[in-house]
Amino acid sequence: KDAGRHVLALDIGTEFVKALIATQEGDRLTIIGAGRARQDQGDMHSGAIADIAGVVRHCEAALAEAEDQAGLQAVRTVIGIAGELVKGSTHTIKYKRPQPDKALDVAEMEFIIEKVQERAHANAQKQIAWETGSDDVEIRLVNSAIVGIHIDGYKVSNPIGFQGRDVSIQIYTAFAPMVHIGALERTAGELDLELLAVAAEPFAVSRSVLGTDASSNFTAILADIGGGTTDIAVVNDGGVEGTRTFGIGGRSFTRTIAADLDLSYEDAEKLKLNIDDPNLKDDIRQAAEAAVDKTLEVWLGGIELALGEFDASAEHLPSRLLLCGGGASLHKLVAALEGQNWYAELPFTKRPVVQHIQPSQVLGIKDATGTVNDHTYITAMGLLRVGYDTMISSSPTDKLKDKLNRFLRV
């Protein structure tokens, strides 16, 4: 088989490593192999790799399972990056064109985009320096995508060929510290993989539901609730407005149960997963539920704070909240989002509708294995989508204009 058509998504989560192998067929991807392996407690910290050797071992296990099912090895990979120091935000840059009568061409667009990225880099550097208390944290651009373009006040989906004086571009950029990216590169190296791209995980989730339709008016808040972190992306009218991450995920609930009921982490995790089991003793269930409620209050506060940071850029927030990730399997969490008043102080026009993202909603990817069947695989599917974008835009037959178009809409 042609190895150039295969791509591997490696979702290195706090709780599980997930590996998906897909083959490209025209403008679609078909998943032909899936594998997952549980991580040890010390492997990850707040969504970032803490023990490279441990993570490599679990990646090998997940990969072996996916390769057995696919009957082949995929070398080209996309790895997700999460954690509180991954900064994704949307900036608007206004550019006065010196020659408004001249049609905009690719070279001028590339010049404008470069300027935006420089400004975004400086902002991210400042923010990370402030949060870490260190001015010399090196950071690198992970993803960028154009959210919207206006020329003399008119919205255009592709600016090439337009005339006009005032160009206003909204561009989403995600930056991550080099130490995190270095750990991922090292992991890929140890696994003998060719790293196609590193993707900010909330960005990958938004890619999963956006597809390649440049006129998409998809609008929603996406929340990926992992083991160590919760990643949020706000998508408005087909463009990523920004992403936020905070360090509370599924493991926080387990730890509170362990502390309050004096259990080992493993037993607390079992209890959390079986909290709805009718055979569970009432007093144990009540104690576990009280522990979950305590963490839930803190988690809802995190959601409120993260969405509050979008206030300045959003007149009102999308009234659809789509969930994925293992933490979204906790029934009490979904019930709290649906029933509690956490959204009251935020700029919603009505109570947000809460749903899980299903694999069938991911555009341009179908599953031939029958195992990629719930919301816990969405991030990995989004990483495949980023891989597809990267493969297409680096193909030699890709015309510059097409490449820019693809770059312009994510």
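The values are calculated or read from the model by the stated rules, or taken from the named source; none is laboratory data. Keep in mind the model is a prediction, meaning the values are calculated, not measured. All Cβ positions, glycine included, derive from the backbone under ideal geometry; neighbour counts span all protein chains shown. Ligands, DNA and RNA are excluded from the accessible area calculation, which covers all protein heavy atoms including side chains. Shrake-Rupley method; radii C 1.70, N 1.55, O 1.52, S 1.80 Å.
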Problem set entry | Residue check, ARG186 touching a residue at least 60 places away in the same chain (Cβ under 8 Å), open to solvent by 10 Å² or more (accessible area, probe 1.4 Å) and over 16 Å from the mean Cα position of the chain (by Cα) | yes
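Please give the strands (runs of 3 or more DSSP E) falling wholly within segment 193-295 in which 1 or more residues are modelled with pLDDT of 90 or more and assigned by the TED database to the domain that holds THR77. Write out each step before concluding.
Working: elements: 194-200, 220-225, 230-236, 239-246.
Filter on segment 193-295 gives 194-200.
Conditions (1) within 19 Å of the chain's Cα centre (by Cα); (2) in a loop (DSSP other than H, G, I, E, B); (3) without any contact (Cβ under 8 Å) to a residue 12 or more places away in the chain; (4) within 16 Å of LEU191 (Cα to Cα), marked per residue:
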position: LEU8; (1), (2), (3), (4): yes, no, no, yes
position: THR14; (1), (2), (3), (4): yes, yes, no, no
position: LYS18; (1), (2), (3), (4): yes, no, no, yes
position: THR23; (1), (2), (3), (4): no, no, no, no
position: GLY33; (1), (2), (3), (4): no, no, no, no
position: ARG36; (1), (2), (3), (4): yes, no, no, yes
position: ASP40; (1), (2), (3), (4): no, yes, no, no
position: HIS58; (1), (2), (3), (4): no, no, no, yes
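Would you point out which residue out of GLU190, GLU118, GLU110, GLU114 is of a type in the set (Asp, Glu), out of contact with any Pro (no Cβ under 7 Å at 6 or more places or on another chain) and assigned by the TED database to the domain that holds ARG57? First the steps, then the outcome.
On the way: GLU118 fails: assigned by the TED database to the domain that holds ARG57; GLU110 fails: assigned by the TED database to the domain that holds ARG57; GLU114 fails: assigned by the TED database to the domain that holds ARG57.
That would be GLU190, the only listed residue that is of a type in the set (Asp, Glu), out of contact with any Pro (no Cβ under 7 Å at 6 or more places or on another chain) and assigned by the TED database to the domain that holds ARG57.
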Exercise. Tally time: how many residues in segment 310-335 are assigned to a loop (DSSP other than H, G, I, E, B), on the phi < 0 side of the Ramachandran plot and out of contact with any Lys or Arg (no Cβ under 6 Å at 6 or more places or on another chain)?
Worked result: 9
For this session: Examine segment 97-109 for a residue that is in a helix (DSSP H, G or I) and in contact (Cβ under 8 Å) with a residue 24 or more places away in the chain, and state whether such a residue exists.
Result: yes
For this session: Tell me, please, whether a residue that is closer than 19 Å to MET44 by Cβ and of a type in the set (Val, Ile, Thr) can be found in segment 297-306.
Result: no
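From LEU307, LEU300, LEU323, LEU330, grab the single residue that is surrounded by 13 or more Cβ atoms within 10 Å (Cβ to Cβ), out of contact with any Pro (no Cβ under 8 Å at 6 or more places or on another chain) and either more than 20 Å from THR254 (Cα to Cα) or of a type in the set (Phe, Trp, Tyr) (or both). Walk me through how you get there before you give the answer.
On the way: LEU300 fails: either more than 20 Å from THR254 (Cα to Cα) or of a type in the set (Phe, Trp, Tyr) (or both); LEU323 fails: either more than 20 Å from THR254 (Cα to Cα) or of a type in the set (Phe, Trp, Tyr) (or both); LEU330 fails: either more than 20 Å from THR254 (Cα to Cα) or of a type in the set (Phe, Trp, Tyr) (or both).
The conditions single out LEU307.
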Seminar exercise, completed: For segment 142-168 the number of residues that are open to solvent by 60 Å² or more (accessible area, probe 1.4 Å) and in contact (Cβ under 8 Å) with a residue 24 or more places away in the chain is 5
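Give the residue, chosen from ASP237, ASP224, that is within 25 Å of ALA328 (Cα to Cα) and touching an Asp or Glu at 6+ places or on another chain (Cβ under 8 Å).
Details: ASP237 fails: touching an Asp or Glu at 6+ places or on another chain (Cβ under 8 Å).
Only one candidate qualifies: ASP224.
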